[in-house]
1. Restricting attention to segment B:219-228, does a residue exist that is within 14 Å of chain A (Cβ to nearest Cβ), at pLDDT 95 or above and in contact with a Phe, Trp or Tyr (Cβ under 9 Å, 6 or more places away or on another chain)?
2. I'm told A:V241 meets every condition in (1) under 20 Å from B:F281 (Cα atoms); (2) more than 7 Å from chain B (Cβ to nearest Cβ) except one. Can you identify the failing condition by its number?
3. Testing B:G145 on (1) farther than 23 Å from B:P250 by Cβ; (2) touching a residue at least 60 places away in the same chain (Cβ under 8 Å); (3) surrounded by fewer than 24 Cβ atoms within 10 Å (Cβ to Cβ), one condition comes back false. Which one is that?
4. Return the residue satisfying two criteria in turn: it lies in segment A:176-229 and is among the polar types (S, T, N, Q) and either under 18 Å from the mean Cα position of the chain (by Cα) or assigned to a helix (DSSP H, G or I) (or both), and of such residues it is farthest from the other protein chains (Cβ to nearest Cβ).
5. Identify, please: which residue in segment A:311-325 is over 18 Å from A:E247 (Cβ atoms) and touching a Leu at 6+ places or on another chain (Cβ under 8 Å) and is, among those, surrounded by the fewest Cβ atoms within 10 Å (Cβ to Cβ)?
6. Mind checking which residues of segment A:509-552 are in contact (Cβ under 8 Å) with a residue 24 or more places away in the chain, of a type in the set (S, T, N, Q) and part of a loop (DSSP other than H, G, I, E, B)?
7. Go over the candidates B:A182, B:A149, B:A129, B:A170 one by one and state the one that is at pLDDT 95 or above, out of contact with any Lys or Arg (no Cβ under 7 Å at 6 or more places or on another chain), aliphatic (A, V, I, L, M) and within 24 Å of B:A72 (Cα to Cα).
8. Looking only at segment A:8-58, which residues are closer than 20 Å to A:D194 by Cβ and among the basic types (K, R)?
Amino acid sequence: MNSEINVRITGEAGQGIVAAGMMLCRMYKDSGRYVFAIQDYMSRIRGGNNFFQVRAAAGPVRAPREKADIIIALDKEAVEANKAAQAPGGLLVLDAEKFGIKGLEKGWLDAPIYALAQEAGGPIYANSVAVGIIAALTCETFEDAGKAVDREFSAKGGELAAKNRQAARIGYDHAAKNLKDCAFRLTGAPHKSDRLLGGNEALALGAISAGCKFYAAYPMSPSTGIMNTVADYASRYGIIVEQAEDEIAAVNMAVGASFSGVRAMTASSGGGFALMCEGLSLAAMTETPLVIAVVMRPGPATGFPTRTAQEDLEFALHAGHGEFARAVYTPGSPEECFLAAKRAFNTAERFQVPALILSDQHLAESLVNMEFPDTSAEPPDRGRIFSPGSGPGPDRYAYSPDGVSARAFPGKPGPLAVADSDEHGPEGHITESAEVRISMTRKRLRLKQAGLAKGTLPPTVVNPGAATMLCGFGSTLGVMRETCAAAKGAGFIHFSQIWPFPAAAALAALKGAGRVLTVENNASGQLARLMLRETGLKPAGSILRYDGRPFTADGVAAALEKGEFS
Amino acid sequence: MKINDFDSADPAAWCPGCGNFGIQAALKTALAKLGKEPRELLLVSGIGQAAKMPHYIKANFFNGLHGRALPAAAAAKIANRELTVIVTTGDGDCYGEGGNHFIHNIRRNVDMTVIVHDNQVYGLTKGQASPTSEPGMKTRIQPGGVILAPFPPLETALALGCGFVARGYAAEREHLSELILAGIRHKGFSLVDVFQPCVSFNKLNTYEWYAKRVYKVGPEHDVSDKAAAMTLAAERERLPIGVIFSKAKPSYEELSGLDAVPPLVDGDIANIDITPALADFR
């Protein structure tokens, strides 16, 4: 019996790789395993090579592994592109006749995937045949695979669902009969972690739950999943989702809607977020609450549209001209994405500042099963809204000890609502006064930053002061957790909110540590630089990955062991 | 409401003799006739001389970024459909920096009135060419004269299906106030392009220059006739002012369903139950 297995289904775009991957995730989840699945795809709609890789285990797993125990290829190119990922002792299942492959290498298994798909109705059923084959190789019965197929195709109508189920059954029966000797058996037991979602979906659900009523964005991978999910629930929750003409419009729309008094957000990836920078600065100047999700992908420029990176940490910390306070959340799991969204709306409104949520493709699109966090946590806090006696005065930008003045909404009782992107006096009109400028800068920058700093989310710390302390933010939470569970003398600190930086908590966790290393999906060690600047502590090195792919548990462990860091 | 109900305490920072004063007076007159209180009005602007207008009229205001008044205004209206939203912008702000938003907000057709102070020159940055400058106009940046073809706002708006297209002249205050009022009453995106002499930087399109060319569109013009509207909008020798085109069409608020529900801003967000949605993620 194996305690875990790593399964990869691969083929070209358009072959239903994602559908097959979703079926595998649900099959394992419902049969008492935990799953962590990554999606690796090219920036194209047809062709190329994509894979969906599901790690299924008897206990919770939150990181990918480098090598796959079973690879099933749906076209010839997939064999070449993925054979190097085959784990020692693993299998690569392929259709030798269909692909014209003569002479199987060690660990390759031939299965007539396309002939079986033809039995079910045609080549489009190859993905479901593949699911059936994998079910036979790794599960005791067909039942959970059948349920997963039904779930995947139930919305698409009876005939399609029935044919896919038949295809999976044919694949299962073939493999159970002919490939029985190669089967991996996987332990597992019933559990309650029956939700299956990724960071984008969790972030969207968090925003809906927080009362976001206006979402404007321009589609950009890998942030579009947030807009898709909000749109799916827009009518149920009374939300307007507006596809803006560009990201500049999107951010200015979010600011305009927020000014009117609704919770509003936008999202993009690096290039689109770059276009939003002036609007970010506008939100700060007008003290209009604004939430922006930045789902990172590798740059510069267009970069790798569908791949992952943590290259925009410093960009997010400094984006927008001028000096102003902001909060930057860096959730490490879908659960943290949900809570970060709720928290970001509260922070944005309590301090009337921009609140950024920094995610990345790996966090956004990797699927994990979980017991969902308490949905009632972090109830909405609208902050200071004008009412008679709410003080500090009726002026929109009245000075106050914490830098926060009461907002009024246009059309609602109270003083007129005003906002000005020029430097302005407390009443909101344009000023050239040096004294006012100094007071307003203090208000927007120092006073608010001090308040924000008091509320920074505490980092997650495991084994503080260990001989090796790993430091990370965002999507590296899972991989650091797993690495430290396996490696002797290793601990980690993970920042779920990177700004205002929790310097005291970081120093406390790192006190007495043998060596401090950052783990970052970028080429320059941006977190290491930030830590040095904010704590005076210089990390001894960084484990960096900047090939557009996520860290893997075995990859980080190997880097630690070999001392491969820069 | 009276005109002085809309007086602002903020003194105007325009040059003496600026065409903006005429537009300000016309806007106040239109607002007095409209009968809504300052609390019900939202003036939105970007950056430029025209964009200072919201400071000089008593109402809610949002003075945002250069070129970005339209998206902010559209979303402010979407968030609270009960507001009367008026954008005051210039030819540089609206047709240059914000050109993409001009195109797509006409398509979006949110109910708001966009008054473009079209002085055919850049004022705040001191005398460069604008998108509507006449070819041949000499500036420090264009010493040999402007060589770019002028942007045609009325024809562009008509081509995009704008439901209300008008042109006014800052010196014809009463006439302009009627155009603005008609624009506000039209449900959907309303464009009022206004010839506005710039006494400091535009030595070509002066009060005298406009006086020789502008004429009021007569009652014989059928404002619902798009082909006739296009013909009027294309005139370059004599310059028609008045309602060029006006025809009802479904607004964003109607098509999106916003009109059928309470304003978004009035929604209760304290008790949102996300668990029914979570059930889909299994």
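The values are calculated or read from the model by the stated rules, or taken from the named source; none is laboratory data. As the structure is a prediction and not an experimental result, all values here were calculated from the model. As a convention, Cβ positions derive from the backbone with ideal geometry for all residues, glycine included, and neighbour counts pool all protein chains shown.
1. No, segment B:219-228 contains no residue that is within 14 Å of chain A (Cβ to nearest Cβ), at pLDDT 95 or above and in contact with a Phe, Trp or Tyr (Cβ under 9 Å, 6 or more places away or on another chain).
2. Answer for A:V241: the failing condition is (1).
3. Only one criterion in (1) farther than 23 Å from B:P250 by Cβ; (2) touching a residue at least 60 places away in the same chain (Cβ under 8 Å); (3) surrounded by fewer than 24 Cβ atoms within 10 Å (Cβ to Cβ) is unmet by B:G145, namely (2).
4. A:N178
5. In this case the residue turns out to be A:E323.
6. Across segment A:509-552, the qualifying residues are A:N521, A:N522, A:T552.
7. Details: B:A149 fails: within 24 Å of B:A72 (Cα to Cα); B:A129 fails: within 24 Å of B:A72 (Cα to Cα); B:A170 fails: within 24 Å of B:A72 (Cα to Cα).
Exactly one of B:A182, B:A149, B:A129, B:A170 is at pLDDT 95 or above, out of contact with any Lys or Arg (no Cβ under 7 Å at 6 or more places or on another chain), aliphatic (A, V, I, L, M) and within 24 Å of B:A72 (Cα to Cα), namely B:A182.
8. If the condition is that a residue be closer than 20 Å to A:D194 by Cβ and among the basic types (K, R), then A:R26, A:K29, A:R33, A:R55 are the ones that fit.
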